[in-house]
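Down below is the structure, laid out as structure tokens.
The values are calculated or read from the model by the stated rules, or taken from the named source; none is laboratory data. Just so you know, these numbers come straight off a predicted model, no measurement behind them. Reconstructed Cβ throughout: ideal geometry from the backbone, glycine too, with neighbour counts over all protein chains shown. SASA here: full protein model, heavy atoms, side chains in, ligands and nucleic acids out. Shrake-Rupley method; radii C 1.70, N 1.55, O 1.52, S 1.80 Å.
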Amino acid sequence: MAAQLPIPIYTTLSDALGDVQTASVQASRWNDVVQEFEKRFGKKPAYIARAPGRVNLIGDHIDYVLFGCLPAAVEQDILMACGPSSATSSSPGSVAAHNLNPKYSPQNFTPMLNNAPLPSEAEQKEAAGAVRAESWYLDINKRELRWESYVKAGYYGVLNRFFPPESGDRPVPIDLLVTGSVPSGSGLSSSAAMVVGSTLSFLAVNNKLGDLTKGQLVEMAMENERRVGVNSGGMDQAASVISTPASALYITFFPFLNAEPILLPVLRTTPRAVFVGANSLVVSDKAVGAKTRYNLRVVETLVGARILARHLGVPLQPTERPTLREVLGHWLGYKEAKGTPTELDTDKLKTGLQKVLPEVEKLRPAGRGGGEELGLTMEEMVKESGLDEKTFHEVYLSWVEVEATHFQIYKRAKHVFEEALRVIEFRAACLRASEREGALPESVLHELGALMDASHHSASTLCENSCPEVDELVRIAKRAGAYGSRITGAGWGGCTVSLVAEDKVDEFIQRLVAAYPAYKGLEGEALSQVVFATKPSSGACVLKLE
Ligand code: NG1
Ligand code: MG
């Protein structure tokens, strides 16, 4: 069980680099960050934490609904060099966080125990939206995306889990230097890499790595990342932590977190193929747009689950807030409960999804001129839920900020179930290929590609998390010969992922450059930053320096 393994702690750079293909480039980054750390803080770092970004091959906007998805870690990663601070006057747990990228200015911050004097009203206003419930407090600005917020988010969980105030145990002051090769706001999940990297750094320097399993780190990192203001699922953190080389990871979240490495057949086909990431260069600012985009999807799918439950005759308490995945399980009479280790057979889930899809048609907004395009107004949605207005607000809106005039219950639910089905089919195609001997036919690539294309179509029309530029990039990729191409990650910009024959990658990239306006004139290093073949690589680790 991949999730039950301990976090790898290496003592040599070559072990930490492992299989990484571009080892020479990678090795120089590790050395640079050590040297620069020494320059800035006057001593060698004690550890380097590495956390990779990820590309999701298929299955977006379904992890928070608790359906499985299929990402793979990429080589691009975040490195955090860290060590106990040598500054003499540092208070417990204070942090000096620097970033090699001069765009991100150095930040100093100190966590406060909640019985310490509260910040002034002005300071609280400044830190609008800060989390302030547990023993330790750090002001995380949710209104504005700031690089150090991810460092703080990783720290939060470590503080509140490992430093209970009554223990008298206090965190050590820390120096930290970050360098990253995962482009931010691009769908490769630099955010999860940052949070995993910082969670690991604070654990390591405080000697709390112990025998933490990968699954436990994923759970901490998920919780930590939510503090930045996005109610995300756990795909990114799981991919960043648990991935293994040459495989994608089939990650399921219900009834418990499970991760199964799925060997990708693309290097055994004739022709061989690779997954190529292409950044649309439309940056999606998730923290700012969350209430009309990501968090709105979370709420729409949750309300959809309640409305569907009513149609299916699944009884729910007024205060329950199950996901579509849970309602499906209940309807089909699966014996599964959170925390009970009953793994649901994927074939059974597939049949269940096929069975529920016609039922989803009952969610179509009825009898209005605009048809399903219009969605439901708040009033209509409350009515459909069967709850009174007050309860509805408490259960579905009190914990999250969303903003919409119409809620797309039908489209979102249809996207979720169909996308969940496509993930299962993609996984099955990979497993079938693994069972065959010898070279595999090109039809395997066509099969995977068709699922990716259908996934993108659904993102564009049902989940509505694409944008004109990304749609254009996907069309260009198809014309340039991709077997399949789709938006990856949260969307509203960011990256696409395309399946391309290995010997045609250069030609493919040149065709994107020629046709995608934002790539005009790009070449060399600048071009390889935005379009790159991805190599499924290994998950997070810690390098312990002498
Ligand atoms: P991105 O924004 O690509 O890192 C987000 C969520 C995922 C998942 C995808 C959509 C975060 C940290 N991650 O990924 O959990 O829901 O969108 O599939 O918000
Ligand atoms: Mg992210």
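Is it the case that the range 199-222 has a residue that's of a type outside the set (Gly, Ala, Ser), assigned to a strand (DSSP E or B) and within 16 Å of ligand 2 (Cβ to nearest atom)? Within the range 199-222, not a single residue is of a type outside the set (Gly, Ala, Ser), assigned to a strand (DSSP E or B) and within 16 Å of ligand 2 (Cβ to nearest atom).
Residues in the range 504-537 that are open to solvent by 30 Å² or more (accessible area, probe 1.4 Å) and part of a loop (DSSP other than H, G, I, E, B): Lys520, Gly521, Leu522, Glu523, Lys535. Could you give me the residue pairs with C-beta distances under 7 Å whose first residue belongs to the range 465-487 and is touching a residue at least 40 places away in the same chain (Cβ under 8 Å) and charged (D, E, K, R), whose second residue is part of a helix (DSSP H, G or I) and buried (at least 24 other Cβ atoms within 10 Å of the Cβ) wherever it lies, and which are 6+ apart or on separate chains? Taking only residues 6 or more apart or on different chains, the pairs are Arg486/Met452; Arg486/Ser455; Arg486/His456; Arg486/Val474. Condition first: of a type in the set (A, V, I, L, M, F, W, C) and either within 7 Å of ligand 1 (Cβ to nearest atom) or assigned to a loop (DSSP other than H, G, I, E, B) (or both). Now tell me which residues in the range 58-68 satisfy that. Across the range 58-68, the qualifying residues are Ile62, Val65, Leu66, Phe67. Does Tyr150 satisfy the condition of being farther than 25 Å from Gly42 by Cβ and in contact with a Phe, Trp or Tyr (Cβ under 8 Å, 6 or more places away or on another chain)? Spelling it out, it is not the case that Tyr150 is farther than 25 Å from Gly42 by Cβ and in contact with a Phe, Trp or Tyr (Cβ under 8 Å, 6 or more places away or on another chain). One residue stands out among those in the range 1-17 that are in a loop (DSSP other than H, G, I, E, B) and under 24 Å from the mean Cα position of the chain (by Cα): the one that is modelled with the lowest pLDDT, which is Met1.
Among the residues making up the range 160-178, a single one is assigned to a strand (DSSP E or B) and touching an Asp or Glu at 6+ places or on another chain (Cβ under 7 Å): Leu177.
Results for (1) within 13 Å of ligand 1 (Cβ to nearest atom); (2) touching a residue at least 60 places away in the same chain (Cβ under 8 Å); (3) in a strand (DSSP E or B); (4) open to solvent by 20 Å² or more (accessible area, probe 1.4 Å), shown as yes or no for each residue.
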{"site": "Leu70", "(1), (2), (3), (4)": "yes, yes, yes, no"}
{"site": "Ala81", "(1), (2), (3), (4)": "no, yes, yes, no"}
{"site": "Ala87", "(1), (2), (3), (4)": "no, yes, no, yes"}
{"site": "Ser90", "(1), (2), (3), (4)": "no, yes, no, yes"}
{"site": "Asn108", "(1), (2), (3), (4)": "no, no, yes, yes"}
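Those helices (runs of 4 or more DSSP H) of the range 392-496 in which at least 1 residues are among the hydroxyl-bearing types (Ser, Thr, Tyr) and closer than 27 Å to Met381 by Cβ, considering only elements entirely within it, cover 409-435, 443-458.
Taking into account only those residues within the range 18-35 that are farther than 24 Å from Asp236 by Cα and open to solvent by less than 40 Å² (accessible area, probe 1.4 Å), which is modelled with the lowest pLDDT? Filtering the range 18-35 for residues that are farther than 24 Å from Asp236 by Cα and open to solvent by less than 40 Å² (accessible area, probe 1.4 Å), the one modelled with the lowest pLDDT comes out as Ala27. When restricted to residues that are open to solvent by less than 30 Å² (accessible area, probe 1.4 Å), away from ligand 2 (no atom under 16 Å from the Cβ), over 18 Å from Pro6 (Cβ atoms) and out of contact with any strand residue (DSSP E or B) (no Cβ under 8 Å at 6 or more places or on another chain), the range 158-198 contains 1.
In the range 309-326, the count of residues that are under 30 Å from Ser184 (Cα atoms) and touching a residue at least 24 places away in the same chain (Cβ under 8 Å) is one or more. Annotation note: of Asn206, Asn224, the sole residue that is over 19 Å from Gly493 (Cβ atoms), within 12 Å of ligand 1 (Cβ to nearest atom) and open to solvent by less than 20 Å² (accessible area, probe 1.4 Å) is Asn224.
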